[in-house]
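Structure, as C-alpha cells:
The values are calculated or read from the model by the stated rules, or taken from the named source; none is laboratory data. Owing to the predicted nature of the structure, the values given are computational and were not obtained by experimental measurement. Here the Cβ is made from the backbone with ideal geometry for all residues, glycine too, and neighbour counts use every protein chain on show.
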Amino acid sequence: MLVAIDRYGNITLPGPLREKLGLEKEAYFELSVEDQGSIILHPVTVQRTIRLNKNGLNKLKDARKSGTGELPEWLTEEMESAKADAE
C-alpha cells in the first residue's frame, strides 16, 4: 500500500486500513526502525496526566475541602496521586 509524507512531515493511513486495524482519530503509536530500515508502528494507549505546580495543588486542596460538585472519576484518581512539579 502506497502512502506519502506530506509537506508537514505527516503520514496519512488510508481509511480502509484504519478501519481494518480498528484505529480511531488521534491514535498514538510507538515507532521503531529495524536494522534493515523497516519502520514498525506499535499502537499504544496514552493516559491522561495532570501536572500541577504548588499553587495548583493548593487550589486542589481547597476545592477538596469545599465538598461541592462531583468530579469525573479519572480526575479524582489523578488528584489522589498528585505531587508538586519541581520545575
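Can you name the residue in region 28-48 that is out of contact with any helix residue (DSSP H, G or I) (no Cβ under 8 Å at 6 or more places or on another chain) and not in a strand (DSSP E or B) and is also modelled with the lowest pLDDT among such residues?
Of everything passing the filter in region 28-48, Q47 is modelled with the lowest pLDDT.
With K65, K54 as the choices, which residue is of a type in the set (K, R) and touching a strand residue (DSSP E or B) at 6+ places or on another chain (Cβ under 6 Å)?
Exactly one of K65, K54 is of a type in the set (K, R) and touching a strand residue (DSSP E or B) at 6+ places or on another chain (Cβ under 6 Å), namely K54.
I need the full set of residues from region 29-51 which are within 23 Å of E77 (Cα to Cα) and without any contact (Cβ under 8 Å) to a residue 24 or more places away in the chain, in order please.
The first filter runs over region 29-51 and keeps only residues within 23 Å of E77 (Cα to Cα), leaving 44-51.
Selection gives V44, T45, V46, Q47.
Might you check whether a residue that is surrounded by 10 or more Cβ atoms within 10 Å (Cβ to Cβ), acidic (D, E), touching a helix residue (DSSP H, G or I) at 6+ places or on another chain (Cβ under 9 Å) and modelled with pLDDT under 85 occurs anywhere in region 66-86?
Checked region 66-86: at least one residue is surrounded by 10 or more Cβ atoms within 10 Å (Cβ to Cβ), acidic (D, E), touching a helix residue (DSSP H, G or I) at 6+ places or on another chain (Cβ under 9 Å) and modelled with pLDDT under 85.
When the residues of region 12-59 are filtered to those that are over 20 Å from L2 (Cα atoms) and of a type in the set (S, T, N, Q), which remaining residue is nearest to the chain's Cα centre (by Cα)?
Restricting to residues being over 20 Å from L2 (Cα atoms) and of a type in the set (S, T, N, Q), the top hit is Q47.
Is it true that some residue in region 27-47 is touching a Gly at 6+ places or on another chain (Cβ under 9 Å), surrounded by 10 or more Cβ atoms within 10 Å (Cβ to Cβ) and of a type in the set (A, V, I, L, M)?
No: zero hits.
Matching residues to (1) among the charged types (D, E, K, R); (2) part of a loop (DSSP other than H, G, I, E, B):
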residue	(1), (2)
R18	yes, no
E24	yes, yes
I50	no, yes
D62	yes, no
L71	no, yes
W74	no, no
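Does L13 meet the test of being hydrophobic (A, V, I, L, M, F, W, C), exposed (fewer than 10 other Cβ atoms within 10 Å of the Cβ) and out of contact with any helix residue (DSSP H, G or I) (no Cβ under 7 Å at 6 or more places or on another chain)?
The answer is no for L13.
Among the listed residues D6, D62, which satisfies the condition of being more than 19 Å from the chain's Cα centre (by Cα), modelled with pLDDT of 80 or more and surrounded by fewer than 10 Cβ atoms within 10 Å (Cβ to Cβ)?
None of the others qualify; the one that does is D6.
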